[in-house]
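K.L.:
Input: one structure, supplied below.
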Amino acid sequence: MSNAIQEFSRFAHEYDTYNVIQAAVAKSLVKQLDSSYFTTLIDMGCGSGEVYKNLEKQEVSFEHFIALDSSKEMLAIHPSGKKIEKICADFNLPQTFERLTLEEDSLLLSSSALQWSRNLDYTLSEISKKVSSVHFSIFTSNTFKTLHQTAKITSPIYSAEVLKDSIGKYYEATFELREYKLHFETVREMFNYIKKSGVSGGEQQLSYKQTKQLMKQYPLDYLEFEVLFVRGVSLEARSV
């Protein structure tokens, strides 16, 4: 299991958006695909389309692409096209899976989204009923590890162990953990990133006073991220 660290720096102002890590993760996820053609691809939690953009860059083709996200605003800026179907739906809700019809050979992708499943077992169970092959990249609770330790708060997302256990109930899967570091010139810039990047999922666990104190105490000039990459085939499909 790889645990290679990929480092990024904002010192040279190379990045003009706040989704630096998510973009890198989506690129890595698409690179792991073992085919350049699919009948149907579905991107669950597609956001503004990082997965789709990387599919295009890597010349992966398909007949049908489903972009699913709970945010209408995100879907509005996701690339459009004749082969693209956009669905505004929440993967936490039963009606989402009730309305979702997929061919047997469909591949489901999900990058930087499933960590926000309110009931991970439920979401994974429903996904496994709809599609046999999946590729996931999921942020783990070791994201912002030192920040959480310094602030004495717990992560709002799942640990790698919990993710593996839940996925293993429904999929025969291979796992790879990757660490990322994102460096900042100032602590203020770092905390601004946390606020605007979406990585924290909108979790507001600290008061203004506590945040100011944390900014003084935080010992690093970078933020830590940990991502679990998953390739899986449903156990049901394996048994057929």
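K.L.:
Across region 63-116, which residue is farthest from residue 234 (Cα to Cα) among those that are among the aromatic types (Phe, Trp, Tyr) and under 14 Å from the mean Cα position of the chain (by Cα)?
P.N.:
Applying the filter and picking the extreme gives 116.
K.L.:
I'm told residue 117 meets every condition in (1) of a type in the set (S, T, N, Q); (2) within 27 Å of residue 220 (Cβ to Cβ); (3) without any contact (Cβ under 8 Å) to a residue 60 or more places away in the chain except one. Can you identify the failing condition by its number?
P.N.:
The one condition residue 117 does not meet is (2).
K.L.:
Please find, among 73, 126, the residue that is among the acidic types (Asp, Glu), surrounded by 13 or more Cβ atoms within 10 Å (Cβ to Cβ), free of Cβ contacts under 8 Å to residues at least 40 places away in the same chain and not in a loop (DSSP other than H, G, I, E, B). Spell out the reasoning first.
P.N.:
Details: 73 fails: surrounded by 13 or more Cβ atoms within 10 Å (Cβ to Cβ).
Residue meeting the stated conditions: 126.
K.L.:
Restricting to region 88-116, count the residues that are part of a loop (DSSP other than H, G, I, E, B) and surrounded by fewer than 22 Cβ atoms within 10 Å (Cβ to Cβ).
P.N.:
Counting residues in region 88-116 that are part of a loop (DSSP other than H, G, I, E, B) and surrounded by fewer than 22 Cβ atoms within 10 Å (Cβ to Cβ) gives 12.
K.L.:
Does residue 197 satisfy the condition of being polar (S, T, N, Q), under 15 Å from residue 157 (Cβ atoms) and modelled with pLDDT under 95?
P.N.:
Considered against the rule, which asks whether it is polar (S, T, N, Q), under 15 Å from residue 157 (Cβ atoms) and modelled with pLDDT under 95, residue 197 comes out as yes.
K.L.:
I'd like to check something: does region 10-25 contain any residue that is modelled with pLDDT of 95 or more, small (Gly, Ala, Ser), surrounded by 18 or more Cβ atoms within 10 Å (Cβ to Cβ) and touching a strand residue (DSSP E or B) at 6+ places or on another chain (Cβ under 8 Å)? Full working, then the answer.
P.N.:
So the first thing to find is which residues in region 10-25 are modelled with pLDDT of 95 or more, and the list is 25.
Narrowing further to those that are small (Gly, Ala, Ser): none.
No, region 10-25 contains no residue that is modelled with pLDDT of 95 or more, small (Gly, Ala, Ser), surrounded by 18 or more Cβ atoms within 10 Å (Cβ to Cβ) and touching a strand residue (DSSP E or B) at 6+ places or on another chain (Cβ under 8 Å).
The values are calculated or read from the model by the stated rules, or taken from the named source; none is laboratory data. As the structure is a computational prediction, the values presented were derived from the model and not from experiment. In this analysis, Cβ positions are derived from the backbone assuming ideal geometry, glycine residues included, and neighbour counts consider all displayed protein chains.
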